[in-house]
Amino acid sequence: MEIELALTIGLLYGGGLYMMLQRNIIKLILGVSLLGHGTNLLIFTAAGLTRSWPPIIAKTATAANENLADPLPQALILTAIVIGFALTAFILVLFQRAYTVLGTSDTDDMRATDR
Amino acid sequence: MKHLIVILPIVIPMVTAALCLLTWKWKNVQKVFALLGSAIILITALNILYRVRSHGILVEQMGTWASPYGITLVADLFSSIMLVSSGIVGVIIVVYSFGCMGRRRESCGHYPLMMVLLMGVNGSFLTGDLFNLYVWFEVMLMASFVLLAHGGEKLQLEGCIKYIVINLLSSVFFLTGLGILYATVGTLNMADIASKLSTLDEAGFTTVIAMLFFVAFGIKAGVFPLFSWLPASYHTPPVATSALFAGLLTKVGVYALIRMFTLIFTADNSFIMPFLLVIAGFTMITGVLGAVSRNDIRKILAFHIVSQIGYMIMGLALLTPLAIAGTIFFIVHNIVVKTNLFLVAGIVNRLKGTYELKWLGDIYKTYPLLGVLFLIPALSIAGVPPLSGFFGKLFILMASLKIGTTSSYIMAAIMLVVSVLTFYSMTKIWTKAFWKKAPAEADIDQVVTFEKNMTGVVYMVIPTVCLAALAIVMGVGSNYFFELTWETANQLLDKSQYIHNVLGHASSNVAVTF
């Protein structure tokens, strides 16, 4: 399963970077989202894929079950998803505003601040 | 829970931001809250620095979950020095904002945003948990995105797009490194990672992870190939925001780099440190050359940020106690002086209505005291004794010569050349904006739409004078400050102290509370 997931992650990173290199700012947002998904999947995969018990210890148990899943990666991903969601929402509004004010969605036309 | 004071630098700005939001309609009440809040942050930060210096590293387990499982807040000397610096910048910028922000931005949430930004910055300095560091970075970035776009002018939106995109990319690198690091060592507590990585026998793999983190923090710090967003965005917002960003944000990236490469990735120094040294050299040179080529005060200053980051990375790459001590001295000096220069630029803009050197002139004749106010930070950043910049550079230079390898001699030479070029671009601002005869009024009117508005200038001058005084004090009293940074450097380089304090106290702490 790791191989398939690794390939998917690679695809998401590659696709995300490709989209970010496009000149249209909408594609840029899509690229950022793809990269975010790739990262979340990477954290999920890298932390280990096992079929195991939920990490809950019964009240009567004296010792933890040997085969417990690690709950932390899910917590990390959840946080990353929430942050990513907020950022995407903000970027969409900002880009919409920028499109109205600048009158273009082409990053090549946004060179006024570089000079 | 005996060191609960370490959460105050995070809680106070949060409460202040909430209070400011509750009083959204009364901007004067917001101003009072912001001023009080930032002043209390500064006092707390000074208190933390005092306690850390007298009692050693302060560690607090959030929610009393024992480290390495819970989130740990750690205040060592380095973090508390950074906290004090951010506290100073916070107060200064709040007062300066009274004079320069304008009613529209003030009543649309400038102060709460600033407080959230300070919360993110302080959180990044204090956290001892790598994922928590990511979260604080995001808090800080989110606030900085909004501050940068705040007002919605054409250039601001354009600069903000560039800033956002590159910073999101940096976050992706950060998270990727984090995921792989977690897979390798199975922990997120920085002290725990450090102790586990040192027993791990895969130097090559660790270096790969280290490079992911280098890219992530390097983008935020603005090092050589990754800095292009900085001069493209920092000059667009109102000058108070520019000064806040210039003073603090890139230094958070530098802080994270120093923390990473003194605490966590220390195993494979034979590759990382020479690599950092090369990067530092290029950062210094490209930054200063960019500055020399610009003709707008804020753009010159923005490029200088990049060049100064190079000095800090160089000090880190040399990795001797003297170099690290010099770097920390230099960071504090740079936070003070860089902010100060932006503030002076703001006053110039208020008086003349432009930042373009072409349209400026005669300032020294009409406002001689403003000339003095500009000269102090300008000479300090160029490294003229007895101001703070001289000593910061001197310590790093001494460290570099002391090592005595070919590469360190080359770096020392680069450093001196860059200092000369820095001096050149400062004199360029001086001669063109302060000495030169101003162009005729008729010409100016075509390009500058400007009404003379002197209200609130006093709020802009007071903080500028305070920072200039601080630059002089740091220079004259450099002995005292150097002692402090020397202690800090030794504490940073002796990472067992950090690890022991974070992991060792854990068990006793839990026992007391339950």
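The values are calculated or read from the model by the stated rules, or taken from the named source; none is laboratory data. None of these values were measured; they are calculated from a predicted model. Don't worry about glycine lacking a Cβ; one is built from the backbone with ideal geometry, like all the others, and counts go over all protein chains shown. These area figures cover heavy atoms from the full protein model, side chains too; ligands, DNA and RNA do not enter into them. Shrake-Rupley method; radii C 1.70, N 1.55, O 1.52, S 1.80 Å.
Worth a mention:
- Odd one out for B:Val29, checked against (1) buried (at least 16 other Cβ atoms within 10 Å of the Cβ); (2) at pLDDT below 95: (1)
- Among residues of segment B:151-164, those that are open to solvent by less than 30 Å² (accessible area, probe 1.4 Å) and at the interface with chain A (Cβ under 7 Å from one of its Cβ atoms), counted: 7
- For segment A:90-115, a residue qualifies if it is out of contact with any helix residue (DSSP H, G or I) (no Cβ under 6 Å at 6 or more places or on another chain) and either more than 11 Å from chain B (Cβ to nearest Cβ) or of a type in the set (Asp, Glu) (or both), and the qualifying residues are A:Leu92, A:Asp106, A:Asp108, A:Asp109.
- Within segment B:284-335, considering residues that are more than 25 Å from B:Leu493 (Cα to Cα) and β-branched (Val, Ile, Thr), the one most open to solvent (accessible area, probe 1.4 Å): B:Ile285
- Criterion (over 28 Å from B:Gly120 (Cα atoms) and at pLDDT below 90) met by exactly one of B:Phe271, B:Phe282: B:Phe271
- Residue match in segment B:191-201 (condition: outside any helix (DSSP H, G or I), at pLDDT below 90 and facing chain A (nearest Cβ under 10 Å)): no
- Matching residues in segment A:15-67 - criterion: being at pLDDT below 80, touching a Phe, Trp or Tyr at 6+ places or on another chain (Cβ under 8 Å) and surrounded by fewer than 19 Cβ atoms within 10 Å (Cβ to Cβ): A:Asn65, A:Asn67
- B:Gly222 passes every criterion in (1) of a type in the set (Gly, Ala, Ser); (2) buried (at least 22 other Cβ atoms within 10 Å of the Cβ); (3) in contact with a Gly (Cβ under 9 Å, 6 or more places away or on another chain); (4) within 11 Å of chain A (Cβ to nearest Cβ) apart from (4).
- Qualifying residue in segment B:288-300 (condition: in contact with a strand residue (DSSP E or B) (Cβ under 9 Å, 6 or more places away or on another chain) and assigned to a helix (DSSP H, G or I)): yes
- Hits in segment B:228-241 (condition: buried (at least 24 other Cβ atoms within 10 Å of the Cβ) and more than 12 Å from chain A (Cβ to nearest Cβ)): B:Val239, B:Ala240, B:Thr241
- Filtered residues of segment B:2-15 (kept if in contact (Cβ under 8 Å) with a residue 24 or more places away in the chain and either under 10 Å from B:Met119 (Cα atoms) or open to solvent by 50 Å² or more (accessible area, probe 1.4 Å) (or both)): B:Leu4, B:Leu8, B:Pro9, B:Ile10, B:Ile12, B:Pro13, B:Met14
- Scanning segment B:32-59 for residues that are of a type in the set (D, E, K, R) and in contact with a Phe, Trp or Tyr (Cβ under 6 Å, 6 or more places away or on another chain) returns no hits.
- Taking segment A:1-30 as the range and being part of a helix (DSSP H, G or I), more than 11 Å from chain B (Cβ to nearest Cβ) and under 22 Å from A:Thr107 (Cβ atoms) as the test, the residues that pass are A:Gly14, A:Gly15, A:Tyr18, A:Met19, A:Ile26, A:Lys27, A:Leu30.
- Options B:Phe217, B:Phe205, B:Phe173, B:Phe213: the member that is at pLDDT 90 or above and open to solvent by 40 Å² or more (accessible area, probe 1.4 Å): B:Phe173
- Top-ranked residue of segment B:165-178 - restricted to ones that are within 8 Å of chain A (Cβ to nearest Cβ) and not polar (S, T, N, Q), ranked as nearest to B:Ser233 (Cα to Cα): B:Val165
- Listed by first and then second residue, the pairs with beta-carbon distance under 6 Å, at least 6 apart or on different chains, first residue in segment A:1-14 and over 15 Å from A:Ala47 (Cα atoms), second open to solvent by 40 Å² or more (accessible area, probe 1.4 Å) and aliphatic (A, V, I, L, M), are A:Leu12/A:Leu34.
- Scan of segment B:414-469 for residues that are among the charged types (D, E, K, R), part of a helix (DSSP H, G or I) and at pLDDT 70 or above, ordered by number: B:Lys428, B:Lys432
- Residue within segment A:47-67 that is part of a helix (DSSP H, G or I), within 13 Å of chain B (Cβ to nearest Cβ) and under 21 Å from B:Phe131 (Cβ atoms) present: no
- When B:Val116 is tested against (1) closer than 20 Å to A:Val82 by Cα; (2) away from chain A (no Cβ under 12 Å); (3) surrounded by fewer than 24 Cβ atoms within 10 Å (Cβ to Cβ); (4) of a type in the set (A, V, I, L, M, F, W, C), just one condition goes unmet, and that condition is (3).
- Leading residue by the ranking (modelled with the lowest pLDDT) among those in segment B:375-410 that are within 20 Å of B:Ser270 (Cβ to Cβ) and of a type in the set (A, V, I, L, M, F, W, C): B:Ile403
- Boolean, B:Leu181 is surrounded by fewer than 23 Cβ atoms within 10 Å (Cβ to Cβ), part of a helix (DSSP H, G or I) and within 11 Å of chain A (Cβ to nearest Cβ): no
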